[in-house]
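Step one of this worksheet: look at the structure below.
Each value in this text was obtained by applying a stated rule to the coordinates, not by laboratory testing. In this text the structure is predicted, and so the values were computed from the model without any measurement. Don't worry about glycine lacking a Cβ; one is built from the backbone with ideal geometry, like all the others, and counts go over all protein chains shown.
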Amino acid sequence: MDGKIVILTGAGISAESGLGTFRDKDGIWTKHSIEDVATPEAFARDPARVQAFYNARRAQAAEATPNAAHVALAELQAARPDTVIVTQNVDGLHEAAGAKVIHMHGELSRALCAACRHRWDAPLEMRVGETCLLCGAPEARPDIVWFGEMPYHMEEILDHLLDADLFVAIGTSGLVYPAAGFVEEARIAGIDTVEINLEATEASALFDRTVTGPASEAVPAWVKGMLGR
Ligand code: OAD
């Protein structure tokens, strides 16, 4: 197949690197409530709890290494440089595998000033009341898009999506908007759509095809097919 590929990845692609997904059995949202750790209100109410949650996830992500799925997508992008990878993941495993990605939900490795929006590299452990390197406000927070906030780079992502010939969603439950709406946008635009997931999801009916299997096997097999090997 020729043409431009836009790929959306979710927590499932990092599951075999040892990072937990959100909504599976034993997922992160079965142990923590979104309202306690992943909203601006939670940070205003109890910043120590929110920082502790993301410090733990940052430490876990720092130990993780890319799996065969991250590596295969980096190979695909190297062979077809117009391939766009958009991730909902806040880990750095795509980059560690050598890919260039658009982080729509932010990054664990970055800090954000809630007062002036300045960003910088986060320390492994962020403390409550840490000051902004630019404006000095004691309002440093993880650079993560929380529920109720607008994901990053939406205009750029939608431009890429509408310019695509194939849209592929990998390891995402398809339940969190706006990412969940990409497949519908693609369908309306007449773009071919493929889902790769451990199992069929609530969104499967919206895709032209669903490939089931663990990402570390299903993604390299799909990439091999795309590269005609
Ligand atoms: P979810 O936890 O909602 O979904 C993970 C998906 O990965 C499920 O559909 C699983 O079937 C699939 N999966 C699990 N293991 C897999 C494997 N080894 N190979 C392939 N697929 C596998 O995670 P996301 O869809 O990424 O946002 O969640 C979207 C957003 O919700 C996250 O970015 C996060 C969360 O709340 C924020 O925190 C803002």
**Request:** Post the alpha-carbon centroid distance, segment 16-78 to segment 196-229, in whole angstrom.
**Result:** 23 Å
**Asked** Which value, to two decimals, describes the C-alpha radius of gyration of segment 5-73 once divided by 2.2 N^0.38 Å?
**Response** 1.27
**Complete:** Put in order of increasing Cβ neighbours within 10 Å, starting from the fewest, TYR177, TYR152, TYR54 give TYR177, TYR152, TYR54
**Item:** Solution diffusion estimate, µm²/s, Stokes-Einstein, segment 48-178, Kirkwood Rh from C-alpha pairs, 10 °C, viscosity 1.306 mPa s
**Value:** 99 µm²/s
**Request:** Within 10 Å of each residue's Cβ, count the other Cβ atoms and sort VAL211, VAL168, VAL223 from fewest upward.
**Result:** VAL211, VAL223, VAL168
**Prompt:** Given charges of +1 on the Cβ of Lys and Arg and -1 on the Cβ of Asp and Glu, with all other atoms neutral, how large is the dipole of segment 166-214 about its Cα centre, in debye to the nearest 20?
**Reply:** 40 debye
**Asked** Restricting attention to segment 1-93, which trypsin sites (Lys or Arg not before Pro) occupy a DSSP loop and are surrounded by at most 16 other Cβ atoms within 10 Å?
**Response** LYS4, ARG23, LYS25
**Prompt:** Length gain on complete extension for the stretch ASP165 to ALA221, per 0.36 nm per residue less the alpha carbon to alpha carbon distance?
**Reply:** 18.2 nm
**Prompt:** Which percent of Cα pairs goes in each bin when the distances of the chain are cut into 10 angstrom slices starting at zero?
**Reply:** 8, 33, 35, 19, 5, 0
**Prompt:** Can you sort TRP146, TRP29, TRP222 by how many other beta carbons sit within 10 Å, fewest first?
**Reply:** TRP29, TRP146, TRP222
**Request:** Relative to the longest principal axis of the C-alpha atoms of the chain, give the angle of the C-alpha long axis of helix 47-63, reported between 0 and 90° and rounded to the nearest 10°.
**Result:** 50 degrees
**Prompt:** Taking Cα pairs under 8 Å and at least six residues apart, what relative contact order does segment 18-169 come out at, in percent?
**Reply:** 20 percent
**Prompt:** How about segment 135-171: which GluC sites (Glu not before Pro) there lie in a loop by DSSP and see at most 15 other Cβ atoms within 10 Å?
**Reply:** GLU149
**Prompt:** Per residue of the chain, what 222 nm ellipticity follows from adding -39500 (n - 2.57) for every DSSP H run with n ≥ 4, rounded to the nearest 500?
**Reply:** -9000 deg cm²/dmol
